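Inspection log for the structure reproduced underneath, given as structure tokens.
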2 protein chains.
Amino acid sequence: MKIAIDGMGGDHAPKEILEGVFQAVEDFQDIEFLVYGDEAKMAPYLKSHNRVKVIHCAEVIEGTDEPVRAVRRKKDASMVKMAHAVADGEADACVSAGNTGALMAAGLFVVHRIDGIDRPALSTTLPTLDGAGFDMLDLGANADAKPENLLQYAIMGSIYAKKVRGIEKPTVGLLNIGTEEKKGNDLTKHAFTLLKECEDIHFIGNVEARELLNHVADVVVTDGFTGNMVLKTIEGVAGNMFSMLKDAFMSSTKTKLAAVMMKNNLKEIKTKMDYTEYGGAALFGLKAPVVKAHGSSNAKAFYSAIRQTHLMVEHEVCETIDSTISKEN
Amino acid sequence: MKIAIDGMGGDHAPKEILEGVFQAVEDFQDIEFLVYGDEAKMAPYLKSHNRVKVIHCAEVIEGTDEPVRAVRRKKDASMVKMAHAVADGEADACVSAGNTGALMAAGLFVVHRIDGIDRPALSTTLPTLDGAGFDMLDLGANADAKPENLLQYAIMGSIYAKKVRGIEKPTVGLLNIGTEEKKGNDLTKHAFTLLKECEDIHFIGNVEARELLNHVADVVVTDGFTGNMVLKTIEGVAGNMFSMLKDAFMSSTKTKLAAVMMKNNLKEIKTKMDYTEYGGAALFGLKAPVVKAHGSSNAKAFYSAIRQTHLMVEHEVCETIDSTISKEN
């Protein structure tokens, strides 16, 4: 398979991106990489390899660029050319650690939606205390969702959980402000009915935000506004608590000693809460896998995103979404 | 002033409720209490006091009761009679640790809205790392909000922050999935415009969920669905992290020793994250203060809710909301 890479996207590009790529090319013998980016800037980190092809691009989409405009105007940007490689059939999938909004725009306007998909969704696997994780979608591709969108998210998330994460019969929960069927806003009340009637998913009802880290469902669906909000709340609270803990451990000689004694245990908790371990975020509903590695990706995180993309291509996630959605419609 | 109390609401009623009341009657010489509840059940915790009047009620609204139906049918319930005391002018405000939905229904159908208020909002002061806290509303009184509702929430929250929390010029943030003006869903985009134009508040723009605990604003407004979701996410993540930490500290002799060394520091973090310390939740937009103490309230938490109610009556929060809203309309 061929995977197109945005060599210039992310806080630590091109160094960490290319290190991730060269690690992956060793581990996955069936991947050929097409790496898009500024040849001069990438040169220090490039090695000659028969399965890594470098394509020079003069432009880069910055984190501060307005997404839709950047994709439309910067036609020679690494991210845009990477997406065109997928659209033109030169690559089977693409990965970028760059501007999330721009990647969504490139996915939508260059790679294109699967027929019958109204709105693509951004999804990632978030941590649970038992280590299994759950897929949440939409994380912000579409701020104003309709009930029908949430149904499609549930179908797409279930296919991903089954194909990529190997869960035989993934449970689907609807993120809501109460577990009873009649709870919620207009959107969740209507979505509940659609989800309950769908035979392609294993819907278990409403799930509450309080229970998310306790692995209440394998797939959790919500509108992009709420999903983004909940994701950022988790990040914020976890980050704040780690920083309070750090301050507490650094406050005196006694507590510094306690920190040494707790070092491995604290590291374990931090790893448990670190969702970059689970790979990147994927855009579901496009004709081919478009994967977003975390903006602050190091080589390991970018490698994880490539591994995830490899699984999505290998297990034909997009093809299965396509055939399931045409059956539903 | 007279404050009506639901003696039977909450997980630890009537014992902890009445202990809170008898503590408050000592500390606040200007409060007379009207305590509604089952006399036989309350008897072991009642003392004779010239400023505490007990009114027997045969019924109780349970946590499992359907809120609106319970308020309509259980006419002799302590919560309903407490609300009627306010509506009839016998009391200036009321406090309950019972069923939140039922208290909202009692507020709406018995105490009634202030003229011009379209939807009341549930609000509480949530913790920030600097100890100052911020008021968030709506926490779930109204799942489907309109932009105009968010504007009224901002006005009401500002009045509360000024009158009760003593903040001269409270900053107001709109909870959103990005800080830029054009970010968000239809609701936040429209609300942004209204908030920006309002002269009765000090609007500072969009604030992100990730930053909430860093005291980005004194008042944060959002729709009830999102507010409830974010509140429960904060509770869930904080609770899960404390339980992971507890497990880590209990895992070996060495870590148990570290726990002893860190005891005071950990307690401090726990106190910082404990929003029951800040008092109860209040329903804004009703003709008189209707305050909800946490369902698991002990005497101290219920006492805090009474203290907060006392401040709301003393500083005429509802009267100020009334006059400000009539000026706006």
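The values are calculated or read from the model by the stated rules, or taken from the named source; none is laboratory data. None of the values given here were measured: they were computed from a predicted structure. We place every Cβ from the backbone using ideal geometry, glycine too, and count neighbours over all the protein chains shown. Heads up: the accessible areas ignore ligands, DNA and RNA and are worked out on the full protein's heavy atoms, side chains in. Shrake-Rupley method; radii C 1.70, N 1.55, O 1.52, S 1.80 Å.
Residue B:40: net charge of surrounding residues, Cβ under 15 Å, Lys/Arg +1, Asp/Glu -1, itself excluded?
On the way: positive: B:15, B:41; negative: B:38, B:39, B:59, B:76.
Cβ neighbours under 15 Å give a net charge of -2.
Label points for residue B:132 are taken 7 Å from Cα along Cα→Cβ. From this copy to the others they lie 4.3 nm apart, shortest first. For the residue pairs A:272/B:267; B:267/B:300; B:287/B:327; B:162/B:287; B:47/B:292, the C-alpha atoms sit more than 21 angstrom apart in A:272/B:267; B:47/B:292.
Considering chain A as a Gaussian network with a 10 Å cut-off on Cα pairs, which listed residue, A:172, A:68, A:60, attains the greatest mean-square fluctuation? Between A:172, A:68, A:60, it is A:68 that shows the largest mean-square fluctuation.
Within chain A, which is the longest segment containing none of the GluC sites (Glu not before Pro) that sit in a DSSP loop and have at most 15 other Cβ atoms within 10 Å? Please list the in-between numbers first.
Numbers: sites that count: A:62, A:90, A:168, A:180, A:181, A:199, A:316.
Longest gap between qualifying sites, sites excluded: A:200-315.
Is any residue of segment A:86-109 close enough, with backbone N under 16 Å, to a label point placed 7 angstrom from the Cα of residue A:1 along the Cα-Cβ axis, and if so, which? The answer is A:86-87, A:89-96, whose backbone nitrogens lie closer than 16 Å to the label point.
Hey, any idea what % of segment A:118-276's accessible area is carbon plus sulfur with a 1.4 Å probe? Present the calculation step by step, with values, prior to reporting the outcome.
Numbers: 3160 of 6270 Å².
Carbon and sulfur: 50 percent of the exposed surface of segment A:118-276.
Mean per-residue shielding of peptide B:178-191 is 2, counting Cβ atoms of other chains within 10 Å of each Cβ. Plainly put, the tip 7 Å out from Cα toward Cβ on residue A:113 is 3.6 nm from that tip on each other copy, the closest given first. The mean accessible area for residues of chain A, using a 1.4 Å probe and ignoring ligands and nucleic acids, is 41 Å² per residue. Between residue B:132 and residue A:235, the distance separating the two model label sites (each 7 Å from Cα on the Cα→Cβ line) works out to 2.4 nm.
Counting Lys and Arg as +1 and Asp and Glu as -1, what is the net charge of the other residues whose Cβ lies under 14 Å from the Cβ of residue B:191? Here the charged neighbours net out to -3.
Quick check on the protein assembly as shown: of the DSSP beta bridges with both residues there, what percent are antiparallel, nearest 5%?
Numbers: 22 of 80 bridges.
In the protein assembly as shown, approximately 30 percent of DSSP beta bridges are antiparallel ones.
Taking label points 7 Å from Cα along the Cα-to-Cβ direction, residue A:260 and residue A:76 give a separation of 5.8 nm. Using heavy atoms of the protein chains and a probe of 1.4 Å, the accessible area assigned to residue B:271 is about 70 Å².
So how exposed is residue B:163, as accessible area in Å² (1.4 Å probe, rounded to 10)? For residue B:163, the solvent-accessible surface is approximately 70 Å². Of the complete DSSP H runs in chain B, those spanning 30 angstrom or more by Cα along the long axis with a mean Kyte-Doolittle score not below -1.0 are B:224-249.
Given 0.36 nm per residue, what is the gain on full extension from residue A:200 to residue A:270 after removing their alpha carbon distance, in nm?
Values: separation 70, 0.36 × 70 = 25.20 nm, distance 3.58 nm.
Net length gain for the segment: 21.6 nm.
Using a Gaussian network model of chain B in which every pair of alpha carbons under 10 angstrom is joined by a spring, one finds that among B:82, B:262, B:136 the greatest mean-square fluctuation is at B:262. DSSP bridge analysis restricted to segment B:118-276 gives an antiparallel fraction near 25%, rounded to the nearest 5. Accessible surface for residue A:326 stands near 70 Å², nearest 10, in the context of the full protein assembly shown (1.4 Å probe). With a 10 Å cut-off around each Cβ of A:249-261, the average count of Cβ atoms from other chains is 4.
Comparing A:295, A:98, A:157 in a Gaussian network model of chain A (Cα springs below 10 Å), the most mobile by mean-square fluctuation is A:295.
Let's test the formula: R0 of 25 Å, r as the Cβ-Cβ distance of residue B:88 and residue B:146. What FRET efficiency results, to the nearest 0.05? All intermediate terms of the calculation are to be shown ahead of the outcome.
Numbers: r = 32 Å, r/R0 = 1.27.
Step by step, r from the Cβ atoms, then E = 0.20.
Sorted shortest first, the separations between the residue B:168 label point and its copies elsewhere in the assembly read 6.7 nm; each point sits 7 Å from Cα along the Cα-to-Cβ line.
For the protein assembly as shown, what is the charge dipole size about the Cα centre, in debye to the nearest 20, if Lys and Arg each add +1 at the Cβ and Asp and Glu each add -1 at the Cβ? Intermediate results must be reported in sequence, preceding the final value.
On the way: 74 positive and 92 negative charges, 299 e Å.
In total the dipole reaches around 1440 debye.
Quick one: net charge of residue B:291's neighbours, Cβ under 15 Å, K/R +1, D/E -1? With Lys, Arg at +1 and Asp, Glu at -1, the neighbours total +2. Shape analysis of chain B places it in the oblate category; the axes a ≥ b ≥ c from the Cα gyration tensor give an a/c of at least 1.5, with a/b not above b/c.
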